[in-house]
Amino acid sequence: MTALKHWRYWPDRALHRSIWSLAWPMMLSNITVPLLGLVDTAVIGHLPSPHYLGAVAVGGMIFSILYWAFGFLRMGTTGLVAQASGRDDGTTIRTLLAQSLILATLIGTALILLRTPTLELALRLMDPAADVLDEARSYTTIRVFGAPAALCNYALLGWFVGNQNTRVPLLLLTFGNLLNMLLDLLFVYGFGMHAAGVALGSVIAEWASLALGIWYCRRLLIGIPGQWLLEPLRRLKAYAALIHVNRYLFVRTVTLLLTFAFFTAQGAKQGTDILSANAVLLNFLMLISNALDGFAHATEALTGRTLGQRNLDRFYRTVVSAGIWSLVSAALLTLIFAFGGNLIIALLTGIESIRAEAARYLPWLVALPLIGIWSFLLDGIFIGTTQVRAMQNTMLLSVFAVFAPVWWLTQSLANHGLWIAFVSFFAARGISGGYVYWRLCRSGAWMSG
């Protein structure tokens, strides 16, 4: 079987509907996250002193990076659960849920126990002004107590997606974000708690979302035959599959984080206007991610299930269907950015100098959806089939063999060179991932396990 042959496996309408039924709730779920950030900003931004807003921005960024680094708790759980679902193995589905929650709890608890050195180092690296630092320290000291719940929620999201249920994640994220918004208003304006109030609202919302998520787990498991086994939870060796998957995803995620951090730092060296313009344009990348990640999540669930069923025919049909809709979405985004990009920039900032700078580099964002689509799609395939070592290796190759050299060679082009390197990074991920996919198709390795 070659990679080209499976284009003969044209998906039917039922499969297209399956892709969309899984994709659209995740797209909406993704949108709720930046909306929460906007509400936090709006609530704290109306206080009399700007240092409160700076504190929430610094503290929020620290936890975004910290939690993103442990995003493997979602991705690793999804692929293994999807494969167990394909085998109708309800006992393994239960074991993976418990193992993921235990692993997330241990990591979250470790963050609490190590909070003083960890948060002080993070604040020192962020280097905020003195008045911002005190308020940010107050924010982070409270926010860290939500770490076990936040990481357990990652595991739950992955578990639900692996079970081909993306509507519960949408409900959980919507519930958590709405509750957080209400608590922000209560603590900040009702009790005058400032940044600490925003942090406390986040902590309570994270724990409440976890409680609701576990309740939905119980409801879903009623319809899945299987047993709860204590033995796989006691022995470290029983966690081997989960740890094996997650270690590769951890390296991959940290490498990705470092790439974004480097991109931001290099933009900052070119001045405040360039830094701000790049920050505005990265919102376009967020829109790309929100759209294409929905199909990636659907691909994770469906390809993992077909692998568990040992159904190669449906596997290829799933890949083709997800590919079609991802390509359509990418093309639409390219058209929107090409014809409405300047309007989006104007909505994001009213500062003329930043608008002008962002417009100069907008063509790179116009090209990015059609270049980046393949990395999103292939990530979905690799997560669902737990080919996570390939994800790690293609990420390392793309960063150190493409992004870094291209940036070095194009420094004379200033910010254009930085964007060339960034777009090349996405292209390299797609090309290298596509090569791995082709090799797996050619060798028939998808079903060799």
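Ranked for footprinting exposure by Cβ neighbours inside 10 Å, fewest first, Val56, Val388, Val406 give Val406, Val388, Val56.
For the chain, the relative contact order comes to 24 percent (Cα pairs under 8 Å, sequence separation of at least 6). Look at Thr109, Thr394 and count the other Cβ atoms within 10 Å of each Cβ; fewest to most, that gives Thr109, Thr394. Remark: spin-label model distance Ala238-Ala98 equals 0.6 nm, labels positioned 7 Å along the Cα→Cβ axis. Compared with the direct C-alpha span, the chain from Ala211 to Leu370 gains 53.3 nm at full extension, assuming 0.36 nm per residue. Name the shape class, rounded, prolate or oblate, that the alpha-carbon gyration tensor gives for region 294-449, where a ≥ b ≥ c are the square roots of its eigenvalues, rounded holds for a/c under 1.5, and otherwise prolate holds if a/b is larger than b/c and oblate otherwise. Oblate is the answer for region 294-449, as a/c is 1.5 or above yet b/c matches or exceeds a/b.
Scoring 254-260, 114-120 by mean Cβ neighbours within 10 Å over their residues and listing the highest first yields 254-260, 114-120.
One quarter of the convex hull surface, Cα atoms only: what value does that give for the chain in nm²?
The directionally averaged projection comes out at 21.5 nm².
By the beta-carbon count within 10 Å of each Cβ, the least crowded to most crowded order of Met61, Met75, Met395, Met193, fewest first, is Met61, Met193, Met395, Met75. Full extension of the segment from Ala130 to Leu332, taken as 0.36 nm per residue of separation minus the current Cα-Cα distance, would add 68.2 nm.
Would you compute, from DSSP H runs of 4+ residues alone, the mean residue ellipticity of the chain at 222 nm, taking -39500 (n - 2.57) per run and dividing by the full residue count, rounded to the nearest 500?
On the way: 17 runs with 368 residues, N = 449.
My calculation for the chain gives -28500 deg cm²/dmol from helical runs alone.
Every read-out reported here was derived from the displayed coordinates using simple, explicitly stated rules and does not represent laboratory data. Keep in mind that this is a model prediction, so the values were computed, not measured. In this analysis, Cβ positions are derived from the backbone assuming ideal geometry, glycine residues included, and neighbour counts consider all displayed protein chains.
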